[in-house]
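Visitor: Got a structure for you, questions after.
The values are calculated or read from the model by the stated rules, or taken from the named source; none is laboratory data. The model shown is predicted, which means the values in this text are computed figures rather than measured ones. A quick note on method: Cβ atoms are made from the backbone with ideal geometry, for glycine too, and the neighbour counts reach across all protein chains shown.
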Amino acid sequence: MKDRVRELEEEIVSLRIENETLKKQLSYITSHRINETESKGLIQGSENETSVSLEEISGNSISIMLLIDPSNGKIIDANDLALNFYGYTKSQIKNMNISDINILSKYEIQKEMKRASRSTKNLFYFNHKLSNGDLRNVLVISDLINVHGRNLLFSRIFDITDSNRKSKKLIESENKFKHMFNNINDMILVFTIDKYGNIRNFVEANEAACYLLGYTYEEILKLSPVYIEKRENNTLKNLVKLIIKNKYGTFQTKFITKKRNYIPVEINAHYFELNDEINILMVAKDISKRKEIEYALKNSIKQQEKLLSALPAAIFIVDKNKILSVNEYGKNLLGYDSCDELLGKDYLQFVVHPDYHDKVKARNKIKTIDAPLIEEKYIKKNGEVVDVEVTALKIPYENGSALLIFATNITEWKTMQNELIEMSQVEKLRTEFFANLSHELRTPLNVILGSLQLQEFYLKNERMGINTDKYKKIHERTKRNCYRLLRLVNNLIDITRIDSGFYEVGFQNYDIVHLIKTIVKAIEDYVVKKNLNIQFNTNVDSLIIACDPEKIERIMLNLLSNSIKFTEPKGHIKVEINTTEQEAIIVVKDSGIGIPKEKQDIIFERFVQVDKSLTRRHEGSGIGLSLVKSLVELHNGSISVISAVKEGSEFIIKLPNRTDIISNEEYKINSYDSFNIERMHIEFSDIYSK
């Protein structure tokens, strides 16, 4: 910006010299014209007849020129550049007053013309209006000349509108840079280097540098960087060549303030060239507080050790596996008489169990500040093994860093964990016991059911004599309750087998569409008796997947049983099968009573029922949906529910769309033609509970 100002000043001086030359040239031409006119007797005394053309003196000049009568502001003449600039013809502009193009008031214009006439000022800045209404910033150089005995103002006009705009932007940019430059908290200093590599004075500094060093801006520009650096450091002088070679450098040193105080600084130096000069830009950060903290931290190590000795954990300071410090708790944990017995010992060899050496070596290689929590074993002085939980973090220590290791004794916790594992094994045995008990219960129930089936056979053959209807009713009720007991026992057995990991799923390739369709057709009798409507839809005619048909029956019969139970007469049930590339999606949807939103997250939990009251309308053990979820998950699938009270429920099952291939043989598709009617009666046994 300073260079630009100097250029403008030089340009104005040049224009004044040129203007003086043109003024003399105009005076000469005017006097010569007067002599010629007088000799020919053509002078009549009229001002229009004693004129001179500006074109004769403008020549190749690029200046806009006007001749103005200072007494009234009338424009006497204008060159072609003036006509083009203002947008008027010769005759138009000669009939105009300077106030027609200068936006100042007539009073101000007259005042400025008087100043120009008296030669007290000949350089002006005005805003001139063009014929199209545009305003232009102009620089006007005016001088008084005598033409035909009359004093006129000879004005050269320069359009500086674009220059002003550029100058304004330059000033705004410079102010913005200065604002950022001076609002940085770190010191910014720029110095130059001569061609011999000698350090010269500073050429620039920000406000932070002036403030922290205690100098004014002018004082700093008279100083050399070597002057403000602590003598014994001499770092900057030694690193200049390295900075020039690498274009940058980072180092620490100390600056000396005007009051002879020292400031420790961290410097980032950058090399650049400007105006054929080598410049070094230094960004110096005051690190006094950091140094104070580091110093205080080093001096407080002993105090920290005293504090750490009171903590209920073993604490070691270790560097390169050498124990530098240990607290009282650590000494007692390892069974030593004093802390000094451990100092200088190899932490890995004397403390850590050999089985954990690799883990400790890996932890010692960490580059982060802290290490994750891991379990280890320590060896006590008497050879006993102690279970510990260990973490570590890096800390500054003396002239480098060390590992601060925290070890907590978890021997009692490990003992409790082992006891918990033993209790878990006992629980597993108890589960197996109840599984066997359930099996024992199922056997006599099968005998009772067999006897009833035999009686049913006799009834069908009319061998029982009178009161057949009454007997049939009692028989049906007994049979249905046997089914219910059998269903409960089956569910208990399957749940316990699933929990103990003994439940097997026999995957084979089946047409899932045919399987589901068969199940839906088989239950139509139950649906009709409840005065319901059931509908089956599918987007594919056939889909072969790997599944266990018996388990799919259990899943579907359980869901359909719930739909029948909880849907009022004249309601409807829909079963749909949809497919994607990855999944087979089975949907069972009804228009039943629905499930409250707050209950939907727990309906798949074991022994959970939506209605737990003693007066509930529908029977159930709360095992069914839990078993369904387990069976679906054994197929590597998932089940979810969408429901609203009085709007019905929609259960969505997603099974993997895959088939099983045995060895290198092509997979085979198993047929599913025989539906297990007995299983359906068992699963639907609580529908007719009244």
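Visitor: Kindly list, by first and then second residue, each pair from a residue in segment 340-355 that is under 18 Å from E389 (Cα atoms) and in the same structural domain as K381 (by TED's automatic domain parsing) to a residue that is of a type in the set (V, I, T) and in a helix (DSSP H, G or I), limited to pairs with Cβ atoms under 7 Å and residues at least 6 apart or on different chains.
Guide: The qualifying pairs are L348/V360; V352/V360.
Visitor: Take K168 and decide whether it is touching a residue at least 12 places away in the same chain (Cβ under 8 Å), among the basic types (K, R), more than 30 Å from V265 (Cβ to Cβ) and assigned to a helix (DSSP H, G or I).
Guide: Taking the combined requirement at face value, the residue does not satisfy it.
Visitor: Working carefully through the options K529, K551, K521, find the one that is assigned by TED's automatic domain parsing to the domain that holds G637 and within 15 Å of L655 (Cβ to Cβ).
Guide: After ruling out the rest, the residue left standing is K551.
Visitor: Still on this model: I'd like to check something: does segment 343-353 contain any residue that is surrounded by fewer than 13 Cβ atoms within 10 Å (Cβ to Cβ), in a helix (DSSP H, G or I) and of a type outside the set (S, T, Y)?
Guide: Yes, that holds for at least one residue.
Visitor: Of the residues L144, L152, which is outside any helix (DSSP H, G or I), in contact with a Phe, Trp or Tyr (Cβ under 8 Å, 6 or more places away or on another chain), at pLDDT 85 or above and closer than 27 Å to I103 by Cβ?
Guide: L144
Visitor: Follow-up. Under 9 Å by Cβ, and 6 or more places apart or on different chains, what pairs join a residue from segment 194-209 that is over 17 Å from N238 (Cβ atoms) and not assigned by TED's automatic domain parsing to the domain that holds E273 with one that is among the polar types (S, T, N, Q) and not in a strand (DSSP E or B)?
Guide: Cβ pairs passing all conditions: none.
Visitor: Which residues, counting only those in segment 245-289, are β-branched (V, I, T) and either assigned to a strand (DSSP E or B) or over 39 Å from the mean Cα position of the chain (by Cα) (or both)?
Guide: Passing the criteria: T250, T253, I256, T257, I263, V265, I267, I278, I280, V283.
Visitor: Okay, moving on. Quick check: is even one residue across segment 652-662 crowded, with 17+ Cβ neighbours inside 10 Å, modelled with pLDDT of 90 or more, farther than 16 Å from V505 by Cα and hydrophobic (A, V, I, L, M, F, W, C)?
Guide: Yes, because at least one residue in segment 652-662 is crowded, with 17+ Cβ neighbours inside 10 Å, modelled with pLDDT of 90 or more, farther than 16 Å from V505 by Cα and hydrophobic (A, V, I, L, M, F, W, C).
Visitor: Just to be sure before I move on: is I405 among the β-branched types (V, I, T), under 15 Å from A313 (Cα atoms) and in the same structural domain as F316 (by TED's automatic domain parsing) in the structure I sent?
Guide: Considered against the rule, which asks whether it is among the β-branched types (V, I, T), under 15 Å from A313 (Cα atoms) and in the same structural domain as F316 (by TED's automatic domain parsing), I405 comes out as yes.
Visitor: On to the next question. Of the residues I188, I157, only one is assigned to a strand (DSSP E or B) and in the same structural domain as R118 (by TED's automatic domain parsing); which?
Guide: Result: I157 is the single residue among I188, I157 that is assigned to a strand (DSSP E or B) and in the same structural domain as R118 (by TED's automatic domain parsing).
Visitor: Out of the residues in segment 639-651 meeting the condition of being under 39 Å from the mean Cα position of the chain (by Cα) and exposed (fewer than 14 other Cβ atoms within 10 Å of the Cβ), tell me which one is farthest from A584 (Cα to Cα).
Guide: By that ranking, first place goes to A644.
Visitor: Another one. Could you tell me which of the residues N364, N418 is at negative phi and exposed (fewer than 13 other Cβ atoms within 10 Å of the Cβ)?
Guide: After ruling out the rest, the residue left standing is N418.
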